[in-house]
Structures are given as structure tokens and as C-alpha cells.
């Protein structure tokens, strides 16, 4: 950075070369930097350094609004605080009740699917991050947050708030990270319409309250009010997180595609805090593991190519032949009258839930059905849920 | 130019950078002049040896970290603007403020065009005419801005 002091006091055409020469030099440098950054993604290291250098400036940029918020909070009246406290308490109680119910439902679901590890939620760990800077122009919708590599943040990490999806990290510095919002025109998120299961892609419209669904045919079953959730494709976001609600559907007889707009559920323009989420890689709902660079979804993701093995097969050395037998034998028992539960090596009674998922007998129920097999049929259903140990 | 002047230059460029990335409501954001370009242009015209192309390049690179789709975009555009400023500094300096504003408008248009072209090449095309609005507001704000920046250092360099 001290470079532009060196020419001081010398004639204009001095040692630094003529302005034309120096400009050519810097222009060539800029072009090389652009090429490396755009095509090859070589400059992660440089990005990292520059992000670190820029962070103090960003803090300075943010300081007026921080000071304003601090002032407002410290001058809030006692009544308002009390009212807010009561409100929060009621909300917390409500959530606790609901999460009690959720635990029960999740366990039930796990039992139904016969998956030992369906019960722990797909999100492994959360970290709250404060928004340091926000850019909401029609060209760029980005956030800067105050967590970075020292907190374990990585590139293409999912960012949520308490209502829905916000975006993903694009550049990570040591103490800060840049988040591209789902409403950025350069961002696309694979979604599923919750009501119908129809999968499509939601593209940012350059406006904090709008997403566009440009790839739906005119006769697609979608209507205003439909909830969009992540579909789990794309390798960044796990399946089933709420994204947006459809606000308007235009069907034009001339156009082959419907024009659909949706409003993100996350309060992107008013949030002051977001959540960074780490997902369990071995969870069935988790995004497929990525080789590192997804970033802006322009280039294809290598990890999403067809894979020779299903991601979470990894059965213990012996079981596959043994596991198939009880699973296939168990399927008919639940379908109709239990013919002979004892005949199937006591595996089915030990694990009745395994039998009620007959649709995919060779893939998912295999590990759970194989592990309880050596045990006698002493333990009834709810046991496997709280102890999610891997078969290995 | 003395070291005192160099510190002043860096400080003003830093302030301009902060003003450029300060979050603003969208309608104001469209009107916001490109303060960093104006500051760099001012220093390349009025202190072509101290400031100049290197200043433009590094200021642009820093701006790219804040808001570029690709690193080097604004570095190139700002280096070009400051090259124009350095090359024509005597001609620009001798003009009255009104004519200077017209030249600044042209320089801002060049800057925005380079940014626009690289946006397109790098796959982020935005063809909204709103992106050109700041060239007008930048030209309008130039006379007072130049007066503020030039305070105390008139006739230098």
C-alpha cells in the first residue's frame, strides 16, 4: 500500500514510468486478478487477507447504527421492558410445549422409518452471528457477519434466522464472512413445494422481499400461499427448511412458463442477528457432502454427480446378507396379518418399526435391522431412539 | 507534496470508501454518488505524483472486497479513471468548476461502463438504467466536494 508514495517529488515522467506505462501495468494486473478470481478460484488466500484488512473499515461503517441501537436500548422504559419480558416468557413456554410435542413426533417418526439416527435433528450446532454490514441493492444482496474462520465458519455454509433460510457464506475471512442472500440475483436455491412435493428452483430477484420461480410450467400445481421448503439438492442446504411463501402466480396463455413470485420467510431486511448452522453429515436429510466449492451456483457441483454408492450405506462388515433376510421377511408381517413373527429370527418383533417401511427395504432399514438381530426380543420399540449409536 | 498531504489523501480516500459502502435505503442507494471515484479523481488531478494510478488501483481493490462480484473489477475501472485524471490533470485543473463537472460526468460514465462491461463478462449482467444515475449526482456534487478536498492544498503538486 505504500507504493503510491514512491513517486513523490520526482517529475511526472520519472522512474515509475509514464502514466500510460503504469496504467498498462496495473490494468494487466487487474485483468490477471480478475481471471484468477473468476475462472480458477485461486485467490481464496488473497480474499482471506483482504477480508481481514477490510474488517476494521466495516466495523467503522457499522458503528453509527450500533451506537444508535445501544442508545435506544439503554433508554427503553421499564414498562416496555416488562411487557417484553412477559411476552418472551409466554413465547418460551409456548415453544417448550411445542418442542415437547416435537420430540414425541420425531421419535415416532424415527420409529416409523426404522432409522436409528432419524431422531437427532439434522442441525448439529448453531452459532449466532451479528450482522455487521448489509447491502440490499438490486445488483447485490449481501450481508457481512462478525464470525469467520476462527469460529469454524466455512465457505458455502447455510445461514438461517428463526423463520427461514437467509443464504450461504461466500467468502470467509478470519473474523468475518460474507453471506450471499437467497434474494441476490446471482443466487438460486433448490426448493420443493411443500403441498405437492414439486421441485423447482427459487432465484433471487434483487429485492429483499421477493424470490422468483422462473422454471415452472404454466400448468404446474402451485397457488398463492404455498410453502416452499429446501429440497436438499444442491449440496448446501439440508432438506425441509422453510424458504418462502408463494405470493403471486401469473399464468399467461401465451407463455409456456408460469410467472411465480414468493416472499422469503426470513426477515432479511430487519434481522440484526443470523444463525450459522453446522449439519450432521451422516444424517439422511443432510445435504450431500460437497468437495468444498459451491459458492455461487454457476458451476456444477462435482459432489452432486451420480455416485456409485448411496451416501450413507456403510454397513458393518458382515451384515448385508443377514440384514436383507429379516428386512424382506419383515415387510409382509406388517402389511397383513402377522403370519409368523418368530420365524424371522426374532428381528421383526424386536424392531417393529422397521417393518412399516417396506418401500425401500434394501437401503435404509438395513443397518438398524441388522444390529438388533443378535439381541433377544426383550426390548420394545422406544429404546433405540435416544441411543443413536452407529452400527460400526 | 509533503507527507502531511499524503496522510490527508489517505484519510479522505478512506472516508470516501466508508461513504461508499455505508448501508443506505435502496432509493438513496441509487442516488449515492461514487464517493471513492470522486476522491481518487480529485487526487489524481491535484496530486498526480503522490496519488495517481496506484492509489486508484488499491482503492478499487479494497472496494472490490466490499462489493465486487469479482476481485479486480473496480481496481481496473478506478485505475483507468485515475489514469485519465493524471494524464489530463493540467487541462482539468485550469477549467472552471462547471466544465470540471462535465468532465467528471464523463469520467464517471467511463468508470461505470467498465464496471458494467465486466459485470456482463463475469456473468452478473444487470441492465437496469438505474445504475447510471450516480454519474449525474456525482457530477452535481463535484464542485462542493472539490472545494472541500482542495482546502488548504490549493496550488500544490
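Remarks
- Measuring r between the beta carbons of residue A:106 and residue B:14 and using R0 = 45 Å, the FRET efficiency lands at 0.30.
- Stretching residue A:250 away from residue A:32 to a fully extended chain increases their span by 74.0 nm, per 0.36 nm per residue minus the current alpha-carbon distance.
- Each of residue A:80 and residue B:98 was given a label point 7 Å from its Cα along the Cα-to-Cβ line. The distance between the two points is 5.1 nm.
- Listed peptides A:261-270, B:72-81 appear in the order B:72-81, A:261-270 once ranked by packing, highest mean of other Cβ atoms within 10 Å at the front.
- Projected-area mean, region B:1-131, by convex hull of Cα positions, square nanometres: 8.0
- Using the Stokes-Einstein relation with a Kirkwood hydrodynamic radius computed over Cα pairs, the translational diffusion coefficient of region B:58-157 at 20 °C and a viscosity of 1.002 mPa s comes to 146 µm²/s.
- Calculated translational diffusion coefficient of region A:112-256 (4 °C, 1.567 mPa s; Stokes-Einstein with Kirkwood radius over alpha-carbon pairs) equals 79 µm²/s.
- Remark on region A:161-218: ratio of C-alpha radius of gyration to 2.2 N^0.38 Å is 1.29.
- FRET efficiency estimate (nearest 0.05) - Cβ-Cβ, residue A:198 to residue A:94, R0 35 angstrom: 0.65
- Helix B:133-149 and the long axis of chain B differ in direction by around 20°, with both axes built from C-alpha atoms.
- Cβ-Cβ FRET estimate between residue A:52 and residue A:281, R0 fixed at 22 Å, reported to 0.05: 0.15
- Ranking of B:124, B:42 by count of other Cβ atoms within 10 Å, fewest first: B:124, B:42
FYI, it's all coordinate maths here, none of it is from the lab. No experiment lies behind these values; they were computed from the predicted model shown. FYI the Cβ positions are ideal-geometry reconstructions off the backbone, even for glycines, and counts take in every protein chain you see.
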